[in-house]
Amino acid sequence: MMKVYKISKDKLKAYLSYLLNKGYSIYGPVKTTSGDVIFSKIEDPEHFVDEKSTNGPKSVVFPEREIIFRYREGKIIEEKSDERRILFGTRTCEIEGFRMLDDVLLKGKYKDISYERKRSNSIIVNFACTKACKYGFCTTFQGPKLKNGFSLQFIDIGDDYLVEAMNEELIVPEYFTEASEEDIKKAEENINNVYKEMEQLPIKDIEKKIKFNDEIWNKLGNYCINCGACNYSCPTCFCFDVYDVKIGNEILRIREWDSCLLEGFSRLAGFNNPRKDNASRLIQRFYHKLVYHKLNYGYYLCTGCGRCIEQCPVNIDIRDVIKYFSGGEL
Amino acid sequence: MGNTLNVNLTVCPFCSVGCSFYVVKNDGSYEIIPARGSPVNEGKLCIKGWHALDFVLSKDRLLKPLIRRGNSFIEASWNEALDIVANKLREIRDKYGPDSIGFISSAKATNEDNYIFQKFARVIFGTNNVDHCARLCHSSTVEGLIRAFGTGAMTFSISDIDNADLIFIVGSNTTEHHPIIGSKIINAVKKGANLIVIDPKLTKIASLATIHLQNLPGTDIPILNAIANILIKENYVDWEFINHRTEGFDEFRKIIEKYTPEYASKISEVPEKQIIEAAELYGKSKRTIFFYAMGVTQHIQGTETVEAIANLAMLKGNVGRESTGVGPLRGQNNVQGASDMGALSDFLPGYVRVWDSNAKERIEKIWNAKIPEKPGLTVTEMFEAALEGRLKAMYIIGENPVVSDPHPELVRKALENLEFLVVQDLFLTETAKYADVILPAKSFAEKKGTFTSTERRIQKVHPVVNIEGPLEDWKIITLLARRLGYDWNYEDSDDILREINLVVPQYAGATPERLEEHPFGLQWPVTRDGKETKILHKDRFTRGLGKFHAVEWNGYVETRDSQYPFVLTTGGIYYHWCSGVMTIRSHILYREAPEAYVEINVEDAKLLNIKNGQYVKVKTKYGEVKVKAMISEDIKRGVLFIPFHYSNVPVNELIGYHKDPISRIPEYKVVAARIEVI
């Protein structure tokens, strides 16, 4: 049963210090002196900021590149991850992505043990957004607030945060007090503001409206420069490549994020490729997000974080694609 | 950056655009995050940028100095290795004289590394035999733009692209080699800007062009002159600008009269009508930006082609105003900086000519040394000298001439001919295999220092990865200097930058402190009080008046004939970098482009009965390679293209011996060739 507390903003850094002293590794958004917000390990609570980061927390549980196991003298040695982690200050679009990754990587016939290792010891302290961000469109999907999948969820209500607690693991009476009905109402209002500020996209039945044969794919394909950013920045992309590296008498099996916009992603033996051009690769990406995953899992593989829009060098915009197939112009 | 943060800022080590990114270390793995705050990349990166740490973290990194023992190498301590290098270099200098040693610096190293290395050559060894790969990519830019404008660098800023109404590209595959600039051009075109591209290949950027002039390689000058001719005839020119800001116009005008569209069309194989249309489009545009790259510079008339572009820009007053100008797209991440630092055989730091005794006196005072007046040997001349036995030792930092220079077979012989060779690198490269001592260097990701991008932006990098063993290039040189009896006390790259602030006027105000305050850099010239310069030549050209050059096309040095009916041209591709050393060590980048190919037009292939993927031989007068054929509709008929990244298809063995007489850049882009089915 979920309980509701509140914490004064003044106490936030002290609370973070407390958690650090308890031996947790804390990961969260920090502000660099050059002004960017980056999700990284936090050693000093002063660095924490309540802002959406450029990268988000995916790489903490699913790194860009990781060793799956080592092979030495006929034995497989599994990697370990003993860190007790708190991902502090995540955004709803990011943790909703975790839920989708869980469905694919943990709930099928085979479990992805590398992912499970890091995912299972990561406690989530989510910060629901109370302001619309520039490229985000989360209200088209789950919205700015999580329903579950967290330990604590913070919602900005002015001088305090309202705190929803799924469990008492991180609740310390010294920092948390009871929340009033008024606080809860204020939190709801603030969340509703995001719905008011953000454009809702015509997502309904998009899987039926989208077309394989359409000029839009060639048009966007002409612009795409195959940088991979839409995949690398996405909280829901899970494709990877696997390869071995030999160092001395040890072999490392490594996996690395892959990108479906790259030619080599779907290249077959003899350099045949069913997705030879950018247009067909863009179809793959958008169909995976808006059609295939819906058919297989019942929901769209997108949380509306807007990172693929922000990081695309040539401004290919999933919002435009959704609107276009719902009868809009491009 | 605060030290306690687990995130640090650095600059991409590949091309010269100067994109910033952060690196985060999480529980043993690294993540690259593009910097939103950077005015250059604005939170975006290309595929190479996203994979910029792959080679850094490669298992192949050299961690300890290596010393030759017969045909193999043994590991040595730094003390041991440095003693050998210092003693041997001293011995050779004393025995054969200062000019018996050649120093090749690196456009991948920082400004501080380059500055120290050229000072090492000039002050301690008393030779101007110091050069770097700008000689092979943009020495013609340095010469051409200094002659035309007075400064050998991009005249505007990357952000100027946004508001240009015409972007005019000559010989640059922009989306592959400078992808973030390429993407900005794409975005400008989407917003309505016009785009003219001169290129023998239908590149991605050419496919988006308003007009694509698909010419034969090496025929840019006649096209550029013909456009100038039309502009003057149709009175599209800015007379006020020409009269008040330039000189040499009349002579130029006389020369170009014979460059009619018809004449240019005959040489270049571009339809006359297209040349006229391009001239009209340019004539009617108000703010034009010119970009060019190695398709212009790597020619026997490289310098003159640069001058021809400068002519065209000046005709319409397209220099010194916002969203106008001439933009060389430099190759390496720090080739601008390495040139600024005087890692060139004829220039001291800040582009002071080595023979200009008045100007160099200031530097001699700071260095407390006399600098020889005789220009040194260039990169390619060093190998010629080594072959002839005039050069006895070489010290090469971060370059792989056995793959990247013309005629690798001669480079190999030259290296074998040396009495002593030091190679300082990250990897045991094809070149390092010839060394007597190999010194392991830190990569960009492990050190502090500054890089200067193609838009003259001086940016500070910070260590983002820690690898035990290698040292900074400047540190290694400093340790050697001390062994050679010089009291060099640089403790930190900032100490060197402070000296650069004194020596190089363009860098006067780019102090270590100021660059910390401006994490995304300052564009030179930076005045002593910290004012940067977005646009050069605003009210006057650096040289006073802009100079029109009466540039003529000299005809092909290599004529196609029945025996060699194709023009072979070389270049790079999106996923790789230079001699491939950095990018073949990235799993994804290598996977994307694992092997070399020769691109041939579909009609030509049909005539020769060549099938896609089939092995063929490409032959020139100078050599031959075996390579897979790639049949394409994008390349002009009669032209072949082979990428230069692959050491197993050494295309540089196929090119000729011709050089631009002004900049001494080799002709990489035009050689008569034939293709044979095996």
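Results, tabulated for the structure shown:
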item	result
Options B:30, B:22; residue that is within 23 Å of residue B:455 (Cα to Cα), among the aromatic types (Phe, Trp, Tyr) and either open to solvent by less than 30 Å² (accessible area, probe 1.4 Å) or facing chain A (nearest Cβ under 8 Å) (or both)	B:22
Count - residues of the range B:499-537 that are of a type outside the set (Gly, Ala, Ser) and not in a helix (DSSP H, G or I)	20
Single condition residue B:397 does not satisfy, out of (1) more than 21 Å from the chain's Cα centre (by Cα); (2) surrounded by 23 or more Cβ atoms within 10 Å (Cβ to Cβ); (3) hydrophobic (A, V, I, L, M, F, W, C); (4) farther than 23 Å from residue B:660 by Cβ	(1)
Total residues in the range B:570-616, condition open to solvent by 40 Å² or more (accessible area, probe 1.4 Å), facing another protein chain (nearest Cβ under 9 Å) and hydrophobic (A, V, I, L, M, F, W, C)	0
First in the range A:81-96 and more than 14 Å from chain B (Cβ to nearest Cβ), second anywhere and basic (Lys, Arg) and part of a loop (DSSP other than H, G, I, E, B), Cβ under 7 Å, 6 or more apart	A:91/A:52; A:92/A:145
Test: residue in the range B:442-464 that is farther than 24 Å from residue B:572 by Cα, of a type in the set (S, T, N, Q), open to solvent by less than 10 Å² (accessible area, probe 1.4 Å) and in contact with a Leu (Cβ under 9 Å, 6 or more places away or on another chain)	yes
Segments classed as strands (runs of 3 or more DSSP E), wholly inside the range B:151-249, with at least 3 members that are within 14 Å of chain A (Cβ to nearest Cβ)	none
Residue identified as within 10 Å of chain B (Cβ to nearest Cβ) and out of contact with any His (no Cβ under 9 Å at 6 or more places or on another chain) among A:311, A:284	A:311
Counted residues, the range B:325-366 - those being free of Cβ contacts under 8 Å to residues at least 12 places away in the same chain and surrounded by 24 or more Cβ atoms within 10 Å (Cβ to Cβ)	0
Among (1) assigned by TED's automatic domain parsing to the domain that holds residue A:299; (2) surrounded by 14 or more Cβ atoms within 10 Å (Cβ to Cβ); (3) assigned to a loop (DSSP other than H, G, I, E, B) - the single one residue A:170 does not satisfy	(1)
1 or more residues among the small types (Gly, Ala, Ser): qualifying strands (runs of 3 or more DSSP E) within the range B:400-456	B:449-452
Lone unmet requirement of (1) open to solvent by 10 Å² or more (accessible area, probe 1.4 Å); (2) away from chain A (no Cβ under 14 Å) for residue B:142	(1)
Selection from the range B:33-46 of residues that are open to solvent by less than 10 Å² (accessible area, probe 1.4 Å) and facing chain A (nearest Cβ under 7 Å)	B:33, B:34, B:35, B:43, B:45
Search result, residues across the range B:364-399 that are in contact with a Gly (Cβ under 8 Å, 6 or more places away or on another chain) and part of a helix (DSSP H, G or I)	B:382, B:385, B:386
Qualifying residues in the range A:1-26 (those that are in contact (Cβ under 8 Å) with a residue 24 or more places away in the chain and assigned to a loop (DSSP other than H, G, I, E, B)) - the one nearest to the other protein chains (Cβ to nearest Cβ)	A:24
Residues that are at the interface with chain B (Cβ under 8 Å from one of its Cβ atoms), more than 18 Å from the chain's Cα centre (by Cα) and open to solvent by less than 50 Å² (accessible area, probe 1.4 Å), drawn from the range A:226-253	A:226, A:227, A:241, A:243, A:245
Residues of the range B:167-198 classified as farther than 17 Å from residue A:226 by Cβ and crowded, with 24+ Cβ neighbours inside 10 Å, total	9
The range A:1-56: number of residues that are over 24 Å from the mean Cα position of the chain (by Cα) and either under 16 Å from residue A:154 (Cβ atoms) or crowded, with 18+ Cβ neighbours inside 10 Å (or both)	13
Where a residue in the range B:35-53 is in contact (Cβ under 8 Å) with a residue 24 or more places away in the chain and its partner, wherever it lies, is open to solvent by 30 Å² or more (accessible area, probe 1.4 Å) and not in a loop (DSSP other than H, G, I, E, B), with Cβ under 8 Å and at least six apart	B:39/B:159; B:53/B:30
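Okay, residues lined up against (1) closer than 26 Å to residue B:182 by Cα; (2) modelled with pLDDT under 95; (3) within 14 Å of another protein chain (Cβ to nearest Cβ):
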position: A:293; (1), (2), (3): no, no, no
position: A:304; (1), (2), (3): no, no, no
position: A:307; (1), (2), (3): yes, no, yes
position: A:320; (1), (2), (3): yes, no, yes
position: A:323; (1), (2), (3): no, no, no
position: A:327; (1), (2), (3): no, yes, no
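The values are calculated or read from the model by the stated rules, or taken from the named source; none is laboratory data. In this text, all values refer to a predicted model and were calculated from it rather than measured experimentally. Heads up, the Cβs are rebuilt from the backbone with ideal geometry, glycines too, and the neighbour counts pull from every protein chain shown. Note: areas computed on protein heavy atoms with side chains; ligands, DNA, RNA excluded. Shrake-Rupley method; radii C 1.70, N 1.55, O 1.52, S 1.80 Å.
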